[in-house]
Amino acid sequence: MAISMSRYNARRRRNRFAVALCFAATGFGLIWLVLILATLLWNGLPGLTPALFTESTPPPGSEGGLLNAIAGSLILTVLGTVIGAPIGILAGTYMAEYGRFSRLSQVVRFVNDILLSAPSIVIGLFIYEILVAPLGHFSGWAGAVSLAVLVIPVVVRTTEDMLSMVPGQMREAAAALGLPRSIIVRSITYRAAKAGIVTGVLLAVARISGETAPLLFTALNNQFWSTNLNEPMASLPAVIFQFALSPYADWQQLAWTGALIITFAVLVLNIGARILVRSRNPQ
Amino acid sequence: MPRARSVSREERLAIRLRGFRLGDRVFHSLTFLAAILVLALLSGVIVSLVQGSLPALHAFGLNFIVTEVWNPVGDRFGALAAIVGTLVTSAIAMLIGVPVSIGIAIFLTELCPMWLRRPIAIAIELLAGIPSIIYGIWGLFVLAPFLQRTLEPWLIALFSPIPGLNLLFAGPPFGVGVFTAGLILAIMVLPFITAVTRDVFSSVPPVLKEAAYGLGCTTWEVSRQVVLPYTRVGVTGGIMLGLGRALGETMAVTFVIGNAHRLSASVLAPGTTISATIANEFNEAVGDLYTSSLIALGLILFVITFIVLALARYMLMRMERRAGA
């Protein structure tokens, strides 16, 4: 009896130890979010002035803002989404509606999953090779296309998942009314899966709005106000990269404030996407 | 007259039906083209990287992979330091990240009260949403100085009397270096591994767990001897997915690794990775051979991550098939 009790106690001790480690692991995971957000607020808030949104990036040692970078980021993100999202939705539609069990869909699914996690810097090199090197100059277009390449796999994945969840009876009912296939897809299944598809697009926007690596060799950077897509274009991440590594205090301040803006924009997009899914699927 | 009208009505109907058929065909081919485009993207990436790296591969051959020297002035390039740096930082990230992720997944599926599960899961997932450059700037200005003052001197002092390990943790503490990069990567891959692990953990049939609890198993014993063996393939897939992310991560590593093209035994010394080298040097690269060598680095990175990710997908697919059966 004494032996079995001591064994029981040893098992309980080991369990308590393991459970404590699991608690510690969760604490370890959560603390970084708190620390990073706190640092961003602490270092970024002092630089949050109106001039930030009305002036362009300054030369070192003078006053300025991030207007050109913010505008450049918005332009590149919007263009990247506008180019990438329709392609992604169409490809997802093919896989869920037309070729659900076809060999091609299986291959595309596999390739898409690879693209989804492929290093974004490699995508930057790819666009450099096909758009920057042949044309001989960096451009906003190249930046937008490289972001579009990152948007496509995210949207393909969510679109396919969401369309596959639409019950087959809805399609059958529509087909029984004599509706052509393309109209069934566009006005029945798209409508049923709308929240999910929009969520996928939002997540893709969240992903590209903070991307830096693919922009370094495509859109490059621009110290001045420019909306010409055939020229290098500024973006918040590229400016943060340049300014954070500079030795000038006012540049570093701008980098922190830019980091604060971008992080909160991305987190709002992420949380918004989640709320959207939740409000449609209460379970 | 009425006869003529009825013909034209039929005709109109026929035109509409033909329009439907045309619309159907156009929409079908559009979606098909988009699906093909996804395939074309991947092939395009491979072809353009191979083409871009041909000059470097011609000049250095396979020695490119096993040479450490990286000398832009003398036009001599070797990828060894960057490849080793990539593998070592990812290994450190996995050593720290995997146990923590599994711990969090056990916490979320077995220990956490129901009402807290969703908020904590979302908080962990938000870590994945924070852009990589933010990890970089935070790592450089907050984490690296902190490690330089606290953990690194402690590690150096702790391991200095132990032969072998004292080389691995040789000083001085720089703050920036391979270890710091590995730690940042561990934080960044946490949410990816946790998400997959949690999903496969909750795919374990409750009957199995209840049976084990019914025999008097503790929570840890159930997790260790029922949940983990059942989900081994899926968990491995999640780990590989995280590894794929860690290998290719660029901006965060670029900030904190120190960018030194040399091999050193100590993980506290500055180093470099493939992605950090490309990010730092590509725009300053002059000469075809330099540019081509950097693209060849990109090709190597792509091949490594491709293999890792393909294995991850294969394992997760096996897991899904079993869950479906």
Residue that is farther than 24 Å from B:ASN280 by Cβ, at the interface with chain B (Cβ under 7 Å from one of its Cβ atoms), hydroxyl-bearing (Ser, Thr, Tyr) and surrounded by fewer than 24 Cβ atoms within 10 Å (Cβ to Cβ), where the choices are A:TYR94, A:TYR98: A:TYR98
All helices (runs of 4 or more DSSP H) inside the range B:105-202 with 3 or more residues being β-branched (Val, Ile, Thr): B:114-129, B:132-138, B:178-202
Residue in the range B:60-81 that is nearest to B:THR180 (Cα to Cα), counting only those that are out of contact with any strand residue (DSSP E or B) (no Cβ under 8 Å at 6 or more places or on another chain) and part of a helix (DSSP H, G or I): B:LEU80
Pick from the range B:40-57, criterion of a type in the set (Gly, Ala, Ser) and either facing chain A (nearest Cβ under 7 Å) or within 19 Å of A:ALA91 (Cα to Cα) (or both), ranking: farthest from the chain's Cα centre (by Cα): B:GLY52
Leading residue by the ranking (nearest to B:GLU125 (Cα to Cα)) among those in the range A:245-270 that are within 11 Å of another protein chain (Cβ to nearest Cβ) and open to solvent by 70 Å² or more (accessible area, probe 1.4 Å): A:VAL268
Residue within the range B:168-176 that is within 26 Å of the chain's Cα centre (by Cα), over 22 Å from B:ALA81 (Cβ atoms) and within 13 Å of another protein chain (Cβ to nearest Cβ) present: no
Some residue of the range B:116-136 being more than 27 Å from the chain's Cα centre (by Cα) and free of Cβ contacts under 8 Å to residues at least 24 places away in the same chain: yes
Matching residues, the range A:167-224, being over 22 Å from A:LEU254 (Cα atoms), buried (at least 19 other Cβ atoms within 10 Å of the Cβ) and among the hydrophobic types (A, V, I, L, M, F, W, C): A:ILE184, A:VAL185, A:ALA193, A:ILE197, A:VAL201, A:LEU202, A:LEU203, A:ALA204, A:VAL205, A:PHE217
Boolean, B:MET94 is over 24 Å from the mean Cα position of the chain (by Cα) and among the hydrophobic types (A, V, I, L, M, F, W, C): no
Candidate set from the range B:296-307 (those that are surrounded by fewer than 22 Cβ atoms within 10 Å (Cβ to Cβ) and more than 7 Å from chain A (Cβ to nearest Cβ)); member that is nearest to B:ARG232 (Cα to Cα): B:ILE307
Selection count where residues are at the interface with chain B (Cβ under 10 Å from one of its Cβ atoms) and not in a loop (DSSP other than H, G, I, E, B), scope the range A:203-222: 8
Residue pairs meeting the criteria (Cβ under 9 Å; at least 6 apart or on separate chains; first touching a residue at least 40 places away in the same chain (Cβ under 8 Å), in the range B:93-113; second in a helix (DSSP H, G or I) and of a type in the set (Asp, Glu)): B:ALA105/B:ASP199
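Of the residues that make up the range B:67-87, is at least one facing chain A (nearest Cβ under 8 Å), touching a residue at least 24 places away in the same chain (Cβ under 8 Å) and not aliphatic (A, V, I, L, M)?
Looking for residues that are facing chain A (nearest Cβ under 8 Å), touching a residue at least 24 places away in the same chain (Cβ under 8 Å) and not aliphatic (A, V, I, L, M), one finds none in the range B:67-87, hence no.
Residue by residue, here is whether (1) more than 30 Å from A:SER226 (Cα to Cα); (2) part of a loop (DSSP other than H, G, I, E, B); (3) out of contact with any His (no Cβ under 7 Å at 6 or more places or on another chain) holds:
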site	(1), (2), (3)
A:GLY27	yes, no, yes
A:ALA38	yes, no, yes
A:LEU41	no, no, yes
A:ALA51	no, no, yes
A:GLY65	no, yes, yes
Every residue from the range A:229-244 that is within 11 Å of chain B (Cβ to nearest Cβ) and aliphatic (A, V, I, L, M): A:LEU236, A:ALA238, A:VAL239, A:ILE240, A:ALA244
Any hit, the range A:147-166, residues being more than 10 Å from chain B (Cβ to nearest Cβ), surrounded by fewer than 21 Cβ atoms within 10 Å (Cβ to Cβ) and not in a helix (DSSP H, G or I): yes
Complete set of residues in the range A:85-131 that are over 21 Å from the mean Cα position of the chain (by Cα) and among the charged types (D, E, K, R): A:GLU97, A:ARG100, A:ARG103, A:GLU129
Residue tally, condition in contact (Cβ under 8 Å) with a residue 40 or more places away in the chain and either open to solvent by 30 Å² or more (accessible area, probe 1.4 Å) or in contact with a strand residue (DSSP E or B) (Cβ under 7 Å, 6 or more places away or on another chain) (or both), over the range B:265-285: 2
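Report yes if some residue within the range A:135-143 is more than 23 Å from A:GLU97 (Cα to Cα), open to solvent by 40 Å² or more (accessible area, probe 1.4 Å), without any contact (Cβ under 8 Å) to a residue 40 or more places away in the chain and part of a helix (DSSP H, G or I); otherwise report no.
So far as the range A:135-143 goes, yes, one or more of its residues are more than 23 Å from A:GLU97 (Cα to Cα), open to solvent by 40 Å² or more (accessible area, probe 1.4 Å), without any contact (Cβ under 8 Å) to a residue 40 or more places away in the chain and part of a helix (DSSP H, G or I).
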Residues of the range B:95-139 that turn out to be among the aliphatic types (A, V, I, L, M), surrounded by 16 or more Cβ atoms within 10 Å (Cβ to Cβ) and more than 7 Å from every other protein chain (Cβ to nearest Cβ), as a count: 7
B:VAL226 being among the β-branched types (Val, Ile, Thr) and touching a Leu at 6+ places or on another chain (Cβ under 7 Å): yes
Residues being among the aliphatic types (A, V, I, L, M), over 21 Å from B:LEU127 (Cα atoms) and touching a helix residue (DSSP H, G or I) at 6+ places or on another chain (Cβ under 7 Å) - total across the range B:193-227: 6
Flag for A:GLU63 being open to solvent by less than 40 Å² (accessible area, probe 1.4 Å) and more than 7 Å from every other protein chain (Cβ to nearest Cβ): no
Check on B:ALA212, open to solvent by less than 20 Å² (accessible area, probe 1.4 Å) and either over 24 Å from A:PRO214 (Cα atoms) or not assigned by TED's automatic domain parsing to the domain that holds B:ARG318 (or both): yes
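The values are calculated or read from the model by the stated rules, or taken from the named source; none is laboratory data. If you're wondering where the values come from, they're calculated on a predicted model, not measured in any experiment. Neighbour counts are summed over all protein chains in view; Cβ atoms, including those assigned to glycine, are modelled from backbone coordinates with ideal geometry. Heads up: the accessible areas ignore ligands, DNA and RNA and are worked out on the full protein's heavy atoms, side chains in. Shrake-Rupley method; radii C 1.70, N 1.55, O 1.52, S 1.80 Å.
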